[in-house]
Amino acid sequence: MDDDDYWNTSETKSKAFSFDDDVLSPQEILAIGQKSYPGQKDESVFSSTISNAKTPLLPLSSLVSPKVLDLILLAQSGRDPNERADPDQTVAVTLKRLVLGRSVSLRCHRSLKSKTELLDGAVAIGDGNAIITVVLFLIQSLNKKLVYELLSARPLALNHYISFLQSEGKVSELADLLIMLGRSPDAAMYQFQHIIKTQGNGVDGLLRKLNNLLSNHFNQPGVDAHQAKMVTDYVKLLEWQKCANKAELNNRSTLQCLSYCCEQHWHEGAGNMMSPLTLCQRQQVPPVQYDWVVLNVHGNSNKWDIVESMFTKKDWLGRTTVSSNIPMETLLARLSELAASKQMLATCLNKLPNSDDRLRLAQKYKVHSVVIETLAKQKDRSSLTNYKITLSPQSEEYILAENTLRDSSIKWKN
């Protein structure tokens, strides 16, 4: 058998070494190191215990190449080889992997310059997830004050981080950030909103937390006076609710409490804690809001005698006039929705000084008596005649229109 025939036999091929064999994985390499052979003791080939003291110690690098050793250590750690930090990984490559949602390690970016470039790149791309990932990495690897300074110069990154802290409910971190950025009023308001949302129905606990917040944050210089007053008024309302001791009033707004008082304690005298007027004075409810609550509470209950007593007055000539802090058109619209009487709508319409507005609204709400009276004052016979045709024959309004057209004292212009 010649040489070529020898090497091509199947028996020789099966025993020969092939350079095409698969490269061993880290787990296979580790398994080889832990495998026992006949005559071998329990120690692994990688064991640090040498049973034969006379055996000369060889450097590990002479037995295993550095690359294979790295793979062995990596396999022992249980980490994925693909997660190893590449010191030469560029900012562009990192950002690309972040945007594509691939796994990537940011630890290779150790210098402040590299980290700043990462943040600027994420901001330039505008990807919110990438921005938050980079910012959280900066928070872990840099001084917080330095990170806040970087964020303050990049509003987009700052806004994304603020939204992230809000959504995660990390109020203390958010407050620290805003205070360090010189936005103490915003920090106080975020804490106020968080307390309101998370407290539940316990008035006592809510009062305690808000009083602490009021003294520690809202009474500090630079806080918006309107916001401080709002929190103070809310604390006063909670104190009123605690005294009222009504479970249905807990954590209700001022106007909801006022509605309850109007419905349940309307006839209570001023000075009584549950009187609507007392609550209005305590909470400084504007007159227009008070009128609106009274109108809706008693209008929905069909207590029109109370509504009329509230919004109509007699002048010194005995004529009925309207007195309300609600704009007249808004009042008319709501009275119509509540199915108020035509007489009350007519009283409100007659309060309007402009005849064209009065005519337009009277036609809109079908207050026929006011339409007829206004057209007569405008001496518009033609319009009144046309309007009469739209009325039901022999109805009260139809007869009124006919009689008005026959009135000889009116000097018609057409």
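Excluding ligands and nucleic acids, what accessible area in Å² is computed for Met310 using a 1.4 Å probe, to the nearest 10?
We get 40 Å² for Met310.
Fully extended, how many nm does the chain gain between Arg252 and His267 (0.36 nm per residue separation, minus their Cα-Cα distance)? Walk me through the intermediate numbers first.
Numbers: separation 15, 0.36 × 15 = 5.40 nm, distance 2.19 nm.
Separation in residues times 0.36 nm, less the Cα-Cα distance, equals 3.2 nm.
Please give the length that would be gained between Ser111 and Ile399 if that part of the chain were fully extended, namely 0.36 nm times their separation in residues minus their C-alpha to C-alpha distance (nm, one decimal). Please list the in-between numbers first.
Details: separation 288, 0.36 × 288 = 103.68 nm, distance 9.39 nm.
Taking 0.36 nm per residue and subtracting the Cα distance, the gain is 94.3 nm.
Which residues does the label zone of Lys413 cover in region 373-401, counting backbone N under 14 Å from a point 7 Å along Cα→Cβ?
Counting only backbone N, you get 374-384.
Using just the C-alpha positions of region 367-414 as equal point scatterers, what log10 of I(q)/I(0) does the Debye formula give at each q in 0.21, 0.31, 0.33 1/Å?
For region 367-414, the Cα-only Debye profile gives -0.61, -1.28, -1.41.
Before I look further, what does region 367-414 give for accessible area per residue, probe 1.4 Å, in whole square angstrom?
On the way: 2980 Å² over 48 residues.
Dividing the accessible area of region 367-414 by its residue count gives 62 Å².
Roughly how many Å is it from the Cα centre of region 140-210 to that of region 91-116, as a whole number?
After rounding, the separation between the Cα centres reads 27 Å.
What accessible area per residue comes out for region 92-178, rounded to a whole number of Å², with a 1.4 Å probe?
Working: 4540 Å² over 87 residues.
Accessible surface, normalised per residue, equals 52 Å².
So, counting K/R as plus one and D/E as minus one, what does the shell of residues with Cβ under 11 Å around Asp233 add up to?
Working: positive: Lys229, Lys236, Arg282; negative: Glu239.
For residues surrounding Asp233, the net value is +2.
If you average the alpha carbon positions of region 339-398 and of region 276-338, how far apart do those two centres end up, in angstrom?
Result: 23 Å between the Cα centres.
If you average 1/r over all unlike Cα pairs in region 122-186 and invert the result, what Kirkwood radius do you get in angstrom? Please list the in-between numbers first.
Details: mean 1/r = 0.0843 Å⁻¹.
Radius from the Kirkwood sum: 11.9 Å.
Quick one: of Lys303/Lys342; Lys366/Lys388; Lys197/Lys246, which pairs are farther than 18 Å apart, Cα to Cα?
On the way: Lys303/Lys342 16 Å; Lys366/Lys388 13 Å; Lys197/Lys246 21 Å.
Those over the limit are Lys197/Lys246.
Starting from one equal scatterer on each C-alpha and no solvent at all, send me the Debye-based log10 I(q)/I(0) for region 90-168 at q = 0.11, 0.16 Å⁻¹, two decimals.
Calculated log10 I(q)/I(0) at the listed q: -0.24, -0.52.
For Lys366 paired with Arg97, estimate the spin-label separation in nm (one decimal), with each label point 7 Å from Cα along the Cα-to-Cβ line.
Spacing of the two 7 Å Cα→Cβ label points: 7.4 nm.
Restricting everything to alpha-carbon atoms, can you work out Rg to Rh for region 183-248 with a Kirkwood hydrodynamic radius?
On the way: Rg = 12.1 Å, Rh = 12.2 Å.
Checking Rg against Rh, the ratio lands at 0.99.
Which order do Thr320, Thr404 take by accessible area at a 1.4 Å probe, largest first? Each step should come with its number before you reach the end.
Working: Thr320 70, Thr404 20 Å².
Result of the area sort, largest leading: Thr320, Thr404.
The values are calculated or read from the model by the stated rules, or taken from the named source; none is laboratory data. Computed from a prediction, not measured in an experiment: that's the story for all the values here. All Cβ positions, even for glycine, are placed from backbone atoms using ideal geometry, and neighbour counts span all protein chains on display. Side chains included, ligands, DNA and RNA excluded: accessible areas come from the protein's heavy atoms. Shrake-Rupley method; radii C 1.70, N 1.55, O 1.52, S 1.80 Å.
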